[in-house]
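The values are calculated or read from the model by the stated rules, or taken from the named source; none is laboratory data. Values in this document were obtained by computation on a predicted structure and should not be read as measured data. Heads up, the Cβs are rebuilt from the backbone with ideal geometry, glycines too, and the neighbour counts pull from every protein chain shown.
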Amino acid sequence: MDAGTWELVRAALGPLLAGLVYGTIPLTAISFTAGLALALAVALMRLSGIAPLAAIARFYVSVIRGTPLLLQLFIIYYGLPSLGVTIDPFPSACIALTLNVGGYASEVVRAAILAVPKGQTEAALTVGMGYATTMRRIVLPQASRVAVPPLSNTLIALVKDTSLASTIQVTELLRKAQELAAPTFEFFALYGVAALYYWIVCLVLSFSQARVETRLNRYVAR
């Protein structure tokens, strides 16, 4: 790269970082937190034994897993206005990403809950614990250790999936890179910087995942 390109890259570091901090990271945090809550609800619906609830949960998971995330974004942002429902770009992206995370993570949560021996649930119910208390104190703490690695992978994938929000005019990292590259045609250099930022965030999350797994494994009987 010539001196002009390097100067452009240096000038773009701040705006790209702003796109990451004020766009990508909030979008990831909101969508993952809400998606995880939705995933837990859907997983419990699947395990409830109540046929209508289980059927609704299965249908939801099937639709989310069977359609592209980009299409889900377009339906919410471009499709809903035809039904009289208009949502701004950022909330639209949050809704679509939350629904997507909820569909995939619900299967992770359900598998983690099923991995807890049934005998522990039966013992808790025998001593008088209610269903909610048993889930909160006995099942979910153990299931969380099983669920951490796949949920961490879901979070890392979500960081990268937020780039699709640029297609509905959300000003996040990729959108900012596109805006900066358009007048200069320095797409390779600026997209490369954006890729570096994504990579750094994913490295930090991977390191955090390892720390969390190590901490949780301290409480496992050997």
Within the range 169-186, the count of residues that are surrounded by fewer than 23 Cβ atoms within 10 Å (Cβ to Cβ) and of a type in the set (D, E, K, R) comes to 3
Reported set for the range 178-191 where residues are out of contact with any helix residue (DSSP H, G or I) (no Cβ under 6 Å at 6 or more places or on another chain), farther than 11 Å from LEU16 by Cα and part of a helix (DSSP H, G or I) is PHE188
Open item on the list: Tell me whether the range 23-30 contains one or more residues that are of a type in the set (Gly, Ala, Ser), under 26 Å from TYR104 (Cβ atoms) and within 18 Å of the chain's Cα centre (by Cα).
Closed with: yes
Would it be correct to say that ARG58 is of a type in the set (D, E, K, R) and at pLDDT 95 or above? yes
Query raised in the report: Does any residue of the range 213-221 turn out to be at pLDDT 90 or above and of a type outside the set (A, V, I, L, M)?
Result: no
Matching residues in the range 44-54 (among the small types (Gly, Ala, Ser), over 24 Å from the mean Cα position of the chain (by Cα) and part of a helix (DSSP H, G or I)) number 1
Among helices (runs of 4 or more DSSP H) entirely inside the range 64-177, those with 1 or more residues being hydroxyl-bearing (Ser, Thr, Tyr) are 89-115, 118-126, 131-134, 140-161
- Among the residues of the range 10-31, is any more than 30 Å from ALA189 (Cβ to Cβ), out of contact with any strand residue (DSSP E or B) (no Cβ under 6 Å at 6 or more places or on another chain) and of a type in the set (A, V, I, L, M, F, W, C)? yes
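This table checks each residue for (1) in contact with a Pro (Cβ under 6 Å, 6 or more places away or on another chain); (2) without any contact (Cβ under 8 Å) to a residue 60 or more places away in the chain; (3) β-branched (Val, Ile, Thr).
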| residue | (1), (2), (3) |
| --- | --- |
| LEU80 | no, yes, no |
| SER92 | no, no, no |
| THR98 | no, no, yes |
| VAL108 | yes, no, yes |
| ALA112 | no, yes, no |
| ALA132 | no, yes, no |
| VAL148 | no, no, yes |
| LEU151 | no, no, no |
Restricted to the range 135-164 and to residues being surrounded by fewer than 17 Cβ atoms within 10 Å (Cβ to Cβ) and among the small types (Gly, Ala, Ser), the residue modelled with the highest pLDDT is ALA157
When the range 108-127 is checked residue by residue, the ones that are surrounded by 13 or more Cβ atoms within 10 Å (Cβ to Cβ) and β-branched (Val, Ile, Thr) are VAL108, VAL109, ILE113, VAL116, THR121
Original post:
Quick one: would you say GLY66 is of a type outside the set (A, V, I, L, M), farther than 20 Å from ARG145 by Cβ, loosely packed, with under 13 Cβ neighbours inside 10 Å and out of contact with any Lys or Arg (no Cβ under 8 Å at 6 or more places or on another chain)?
Top reply: yes
All-but-one check, ILE200 against (1) β-branched (Val, Ile, Thr); (2) surrounded by 12 or more Cβ atoms within 10 Å (Cβ to Cβ); (3) at pLDDT 90 or above, failing number (2)
